[in-house]
Amino acid sequence: MLSLSGVYTALVTPFRNGAVDYPALRALLQEQLDAKVAGVVPVGTSGESPTLSVAEHIKVIAETIEFVKGRCQVIAGTGANSTGEALEFTTEAAKLGADASLQVTPYYNKPTQEGVYRHFSTIADQTGLPVVIYNVPGRTGIAVAVETIARLAKNPLMAAVKEAGGSVDRVSAIRDACDITVLSGDDSLTVPMISVGAKGIISVASNVIPAEMVKMVAAALAGDFKTAGEFHRKYYPLFRDLFIESNPIPVKAALAALGKIAYEYRLPLCEMAAGNREKLLATMRKCGIGC
């Protein structure tokens with residue numbers, strides 16, 4: 001069974017002049033490797049997956065796996081609200097050598113819990129690729145019930161749950177119901193979630209501060225909550241303001257301010273409101289992040 005623990009960076013997809021900026025992507029990946037993250041997650045929410053073409057989606061995953069060359073784990077974002085579409089993406093990711101896939105709860109069509117169970121099970125069973133179940137009801141309109149996670153956990157291909165419902169209590173509820181790895185989906189809840197049994201974070205903030213996130217999580221996993229708490233308190237304003245507008249708008253603005261990517265999105269996402277951007281940049285300076 002695939003073991004997941006530590007910091008997994010939910011990578012942004014850099015654009016330049018309307019196209020995916022692969023040199024910038026490789027530079028971001030090198031920074032992640034230098035920080036010794038446990039893994040990277042290309043083409044998830046932070047990677048603006050809804051606006052990438054099928055060819056771009058697959059190429060970003062391929063470029064990531066090729067560049068990483070086994071130096072960290074790759075969890076490919078291959079979810080969709082159509083089980084058939086998710087199967088196609090996940091099959092390609094498996095062929096390319098991804099370690100696992102990140103599967104979002106089907107959004108918009110709002111399936112029943114039985115439908116959710118069959119969706120995740122079908123993808124895992126037909127592709128053979130370990131699945132990270134992504135619970136993010138604020139985006140999808142539906143949560144994966146704890147009872148459904150317990151059913152899914154009986155399948156050895158269910159590697160983990162990315163818990164982004166904003167509730168530390170969910171970690172305890174999941175661990176009480178079954179034996180499955182839980183990863184925080186919220187940077188600001190990472191330390192408290194680890195304190196009750198989570199094994200790490202799929203992080204937005206680690207696009208900006210990968211080494212610091214690695215140190216914070218390593219301390220928490222080692223039971224050193226004094227050190228972990230110090231990191232949390234220092235960077236909490238950043239965790240907060242990276243969500244002052246919809247992710248990944250602020251994190252891409254932060255990376256652009258650091259000169260690492262172009263300040264560019266694809267519609268319907270667009271540049272930050274001027275006041276929000278100034279607030280984010282001020283927070284970065286307060287946290288000691290040069291911009």
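Of the residues Tyr236, Val20, Gly138, the one whose Cα sits farthest toward the positive end of the charge dipole of the chain, with +1 on the Cβ of Lys and Arg and -1 on the Cβ of Asp and Glu, is Tyr236.
Ranked by the mean number of other Cβ atoms within 10 Å per residue, highest first, peptides 95-104, 38-47, 58-67 order as 38-47, 95-104, 58-67.
Using Cβ point charges alone (K and R +1, D and E -1), the dipole size of the chain about the Cα centre works out to roughly 480 debye.
Pairs of Cα atoms under 8 Å, at least six residues apart: use those to get the relative contact order of region 6-222, whole percent.
Working: 435 pairs, mean separation 43.8, N = 217.
After rounding, I find 20 percent.
Farthest towards the positive end of the charge dipole of the chain, among the residues Met213, Ser82, Thr51, is the Cα of Met213, using unit charges on the Cβ of Lys, Arg, Asp and Glu.
Each part reduced to its alpha carbon centroid, region 20-45 and region 107-148 end up 26 Å apart.
Take the Cα of Ala262, step 7 Å toward its Cβ, do the same at Arg71, and the gap between the two points is 2.6 nm. Once both labels are positioned 7 Å from their Cα atoms along Cα-to-Cβ, the gap between Thr122 and Asp224 label points is 4.7 nm.
Here the simple spin-label model places points 7 Å from the Cα toward Cβ, and for Arg175 and Glu271 these points are separated by 4.5 nm. If only the Cβ of Lys and Arg carry +1 and only the Cβ of Asp and Glu carry -1, the dipole of region 207-291 around its Cα centre is close to 140 debye. Assuming a ≥ b ≥ c are the square roots of the Cα gyration tensor eigenvalues, decide whether region 6-222 counts as rounded (a/c under 1.5), prolate (otherwise, with a/b larger than b/c) or oblate. Oblate is the answer for region 6-222, as a/c is 1.5 or above yet b/c matches or exceeds a/b. Packing order of peptides 277-286, 252-261, highest average first: 252-261, 277-286 (average count of other Cβ atoms within 10 Å over each peptide's residues).
For an R0 of 45 angstrom, estimate the FRET efficiency from the Cβ-Cβ distance between Ser246 and Met1 and round to the nearest 0.05. If you can, show how the numbers build up before the last one.
Values: r = 34 Å, r/R0 = 0.76.
According to the calculation, E is roughly 0.85.
A straight Cα-to-Cα reach below 29 Å connects Lys252 with the lysines Lys36, Lys59, Lys69, Lys162, Lys199, Lys215, Lys234, Lys260, Lys279, Lys286, residues fewer than 8 places away in its own chain not being considered.
Going by the alpha-carbon gyration tensor, a ≥ b ≥ c the square roots of its eigenvalues, is region 232-291 rounded (a/c under 1.5) or, if a/c is not under 1.5, prolate (a/b greater than b/c) versus oblate? Prolate is the answer for region 232-291, as a/c is 1.5 or above and a/b outweighs b/c.
Taken as entire DSSP H runs, the helices of the chain never both span 24 Å or more between Cα atoms along their own long axis and average 0.5 or more on the Kyte-Doolittle scale.
Ranked highest first by average number of other Cβ atoms within 10 Å, how do 208-214, 234-240 line up?
Details: 208-214: 22.3, 234-240: 18.4.
Final packing ranking: 208-214, 234-240.
Note on Lys154/Tyr108: beta-carbon distance plugged into 1/(1 + (r/R0)^6) with R0 of 30 Å gives a FRET efficiency of 0.60.
None of the figures in this text is laboratory data; all of them are computed from the coordinates on show. Since the structure is predicted, the reported quantities are computational estimates derived from the model, not experimental observations. All Cβ positions, even for glycine, are placed from backbone atoms using ideal geometry, and neighbour counts span all protein chains on display.
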